[in-house]
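Remarks on the structure that follows.
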Amino acid sequence: MSEERGKSPAVVLLSGGLDSATVLAEALAAGFGPFALSIAYGQRHAVEMEAARRVARSMNVRRHIELTIDLRAFGGSALTADVEVPKDRESAAMAEEIPITYVPARNTVFLSMALAWAETLGAFDLFVGVNCVDYSGYPDCRPEFLRAFEDLANLATKAGVEGTGRFRVHAPLLTMTKEQIIQRGLDLGVDYGLTHSCYDPTPEGLSCGHCDACRLRLAAFERLGMADPVAYAGS
Ligand SMILES: [Zn+2]
């Protein structure tokens, strides 16, 4: 325990998806003592939160906070309003434009919450599972955005202004393909059977197998010659 306490604290945004589980493992591997933050913001609340809880329990997190910021009050996305989630799209179509599953300013909102908790904890390191390979169009997944947020964090906080430390945003998956992410996670001992990626799960929590998130994930496991350990509807 004393060794655990000696580790630098870091706040890790944990959605319960494949990427965020891998990022949590990266934070542990980098020697941080992670505090996991999960934000319930839309339609998939329950299924995602259960996955986040399972992942947090399976890894050595110091504390897990579940925060509700219901972005359905704003709507504007297939993940926060009654808009159909696109199905069976080819990867070329996914890359063409910013998809309807984009949630307005989500990463800014989430990183702001992570920053607020970090400053409270005396932590200066934020970990986030953004990736600019699969959806090149997401504006808040770009390295410029992450650098700008880092600058903002150092300007916006007492800890930053007083110079007790410098905030850093870690996005270790930024330029990795989904296969590389899975391979890296498996090397770090991530159990992907605990995660959830689907945008449109069944009421029982089974993944649909047809939304962009399911298709990217299934294709990556297939290319690695592995079966995806999560349960899909109709299989
Ligand atoms: Zn799905």
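What follows is calculated from the coordinates using simple rules that are stated; it is not laboratory data. Predicted model only: the values in this text are computed from it and were never measured. FYI the Cβ positions are ideal-geometry reconstructions off the backbone, even for glycines, and counts take in every protein chain you see.
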Selected from Leu173, Phe221, Val61, residue furthest toward positive end of dipole (the chain; charges at beta carbon): Val61
Derived scalar couplings ³J(HN,Hα) [the range 198-211; Karplus, 6.51 cos²θ - 1.76 cosθ + 1.60; whole Hz; x for Gly, Pro]: 4, 7, 9, x, 5, x, 7, x, 7, 6, 6, x, 10, 6
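Taking only C-alpha pairs under 8 Å that are 6+ residues apart, what is the relative contact order of the chain in percent? Write down the numbers at each step before the final one.
Numbers: 416 pairs, mean separation 54.2, N = 235.
Value for the chain: 23 percent.
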Spatial extent of the range 101-166: Rg and Dmax, with the Cα atoms as the point set, Å: 12.6, 39
Net charge contributed by nearby residues that have their C-beta within less than 14 Å of Asn154 (K/R +1, D/E -1): -1
Net charge contributed by nearby residues that have their C-beta within less than 13 Å of Phe221 (K/R +1, D/E -1): +1
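Using helices alone, what [θ] at 222 nm do you get for the chain, with -39,500 (n - 2.57) per DSSP H run of 4 or more residues, divided over all residues and rounded to the nearest 500?
Numbers: 9 runs with 93 residues, N = 235.
Computed mean residue ellipticity for the chain: -11500 deg cm²/dmol.
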For the range 169-235: span of alpha carbons on each principal axis (Å, largest first): 34, 29, 19
Rg [Å, one decimal], Dmax [Å, integer] - the range 73-193, C-alpha atoms: 16.6, 51
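Mind checking the range 125-197 for trypsin sites (Lys or Arg not before Pro) that DSSP puts in a loop (not H, G, I, E or B) and that have at most 16 other Cβ atoms within 10 Å?
Working: sites: Arg147, Lys158, Arg166, Arg168, Lys178, Arg184; in loops: Arg166.
For trypsin sites (Lys or Arg not before Pro) across the range 125-197 that sit outside H, G, I, E and B with at most 16 neighbouring Cβ atoms in 10 Å, the list reads Arg166.
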Burial ordering of Ile181, Ile100, fewest other beta-carbon atoms within 10 Å first: Ile100, Ile181
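As a test of understanding, state the convex hull volume per residue of the chain from its alpha carbons, in Å³. Could the numbers behind the result be given before it?
On the way: hull volume 27.6 nm³, N = 235.
Taking only Cα atoms, the chain has a hull volume of 118 Å³ per residue.
Cut-off is 10 Å between beta-carbons; in what order do Tyr138, Tyr199, Tyr232 appear when sorted fewest neighbours first? Write down the numbers at each step before the final one.
On the way: Tyr138 19, Tyr199 22, Tyr232 16.
Ordered by Cβ neighbours within 10 Å, fewest first: Tyr232, Tyr138, Tyr199.
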Residues whose placed amide H lies under 5 Å from that of Val12, excluding near-sequence neighbours: Phe35, Ala36, Leu37, Phe127
